[in-house]
Amino acid sequence: MKRWDQRPFEIRNLFNPAFCGLVLSRALHGYEEEDARGMPFSLTLLVLPLCLHKDSREVIANSPRSYLLKTAEKNQQLMVGFADRVTQMLPYAFEGFGLLMERGCIAILEDGRIQTVPKKVRKTVDGTAETVSCQKVARIVGKEFARIADRATVYTTFGIRP
């Protein structure tokens, strides 16, 4: 990772740790609505590539009542370049998690699951239309990951080896 002051302006704005952490927190909270045990760490790494990539976000946002597996099957364009996006987004996810940990917003359980800490992240979803969309899709993704309840299925669906 480059030092903060050496990153391009666009990268600093879109992938700043606070925003990435907020998106991850929304996904974790969505997951906990279905499964209170928390989201497995391995699934959290798929959240940012799905929520921050505009085409993926729009596909998911336009079918919030559909199952994620069915949405992915009908929209194969979600898989194009997805593995590369996951790899490219890892540093930003780690920075987001670092900030969430430093602020006491998440807890890491012994089994590797991540849970949100109550009353640490504001529940109100606000911001620009695009940032609100990222947050809403993150909640949908979190809930869907919990409904699927199998990491291997999620990874395989998106063309990534578990």
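Values for this structure:
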{"item": "Tally, over the stretch 14-43, of residues that are farther than 20 Å from Arg122 by Cα and among the polar types (S, T, N, Q)", "result": "1"}
{"item": "Those residues of the stretch 1-37 which are at pLDDT 90 or above and among the basic types (Lys, Arg), in sequence order", "result": "Arg26, Arg37"}
{"item": "Tally of residues being surrounded by fewer than 19 Cβ atoms within 10 Å (Cβ to Cβ), of a type in the set (A, V, I, L, M) and under 13 Å from the mean Cα position of the chain (by Cα) across the stretch 87-105", "result": "1"}
{"item": "Cross-chain or 6+ apart pairs with Cβ under 8 Å, the stretch 50-73 first and touching a residue at least 12 places away in the same chain (Cβ under 8 Å) and crowded, with 17+ Cβ neighbours inside 10 Å, then acidic (Asp, Glu) and assigned to a helix (DSSP H, G or I)", "result": "Leu68/Glu144"}
{"item": "Extreme residue, farthest from the chain's Cα centre (by Cα), among residues of the stretch 106-138 that are charged (D, E, K, R) and surrounded by 10 or more Cβ atoms within 10 Å (Cβ to Cβ)", "result": "Lys120"}
{"item": "Residue in the stretch 110-119 that is farther than 15 Å from Glu32 by Cβ, touching a helix residue (DSSP H, G or I) at 6+ places or on another chain (Cβ under 7 Å) and either not in a loop (DSSP other than H, G, I, E, B) or not aromatic (Phe, Trp, Tyr) (or both) present", "result": "yes"}
{"item": "Residue in the stretch 55-78 that is among the polar types (S, T, N, Q), part of a loop (DSSP other than H, G, I, E, B) and touching a Lys or Arg at 6+ places or on another chain (Cβ under 9 Å) present", "result": "yes"}
{"item": "Considering residues of the stretch 1-48 that are in a helix (DSSP H, G or I) and among the aromatic types (Phe, Trp, Tyr) only, the residue least open to solvent (accessible area, probe 1.4 Å)", "result": "Tyr31"}
{"item": "Cβ pairs under 8 Å, 6+ apart, first in the stretch 75-88 and touching a residue at least 24 places away in the same chain (Cβ under 8 Å), second among the small types (Gly, Ala, Ser)", "result": "Leu78/Ser56; Leu78/Ala72; Met79/Ala72; Met79/Gly159; Phe82/Ser56; Phe82/Gly159; Ala83/Gly159"}
{"item": "Subset of the stretch 123-141 [farther than 18 Å from Glu58 by Cβ and in contact with a helix residue (DSSP H, G or I) (Cβ under 9 Å, 6 or more places away or on another chain)]", "result": "Lys123, Asp126"}
{"item": "When residues of the stretch 140-162 are limited to those that are small (Gly, Ala, Ser) and part of a helix (DSSP H, G or I), the one surrounded by the most Cβ atoms within 10 Å (Cβ to Cβ)", "result": "Gly142"}
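The values are calculated or read from the model by the stated rules, or taken from the named source; none is laboratory data. Bear in mind the structure is a predicted one, so any value in this text is a computation, not a measurement. A quick note on method: Cβ atoms are made from the backbone with ideal geometry, for glycine too, and the neighbour counts reach across all protein chains shown. Accessible surface is based on the protein model in full, side chains and every heavy atom, while ligands, DNA and RNA are left aside. Shrake-Rupley method; radii C 1.70, N 1.55, O 1.52, S 1.80 Å.
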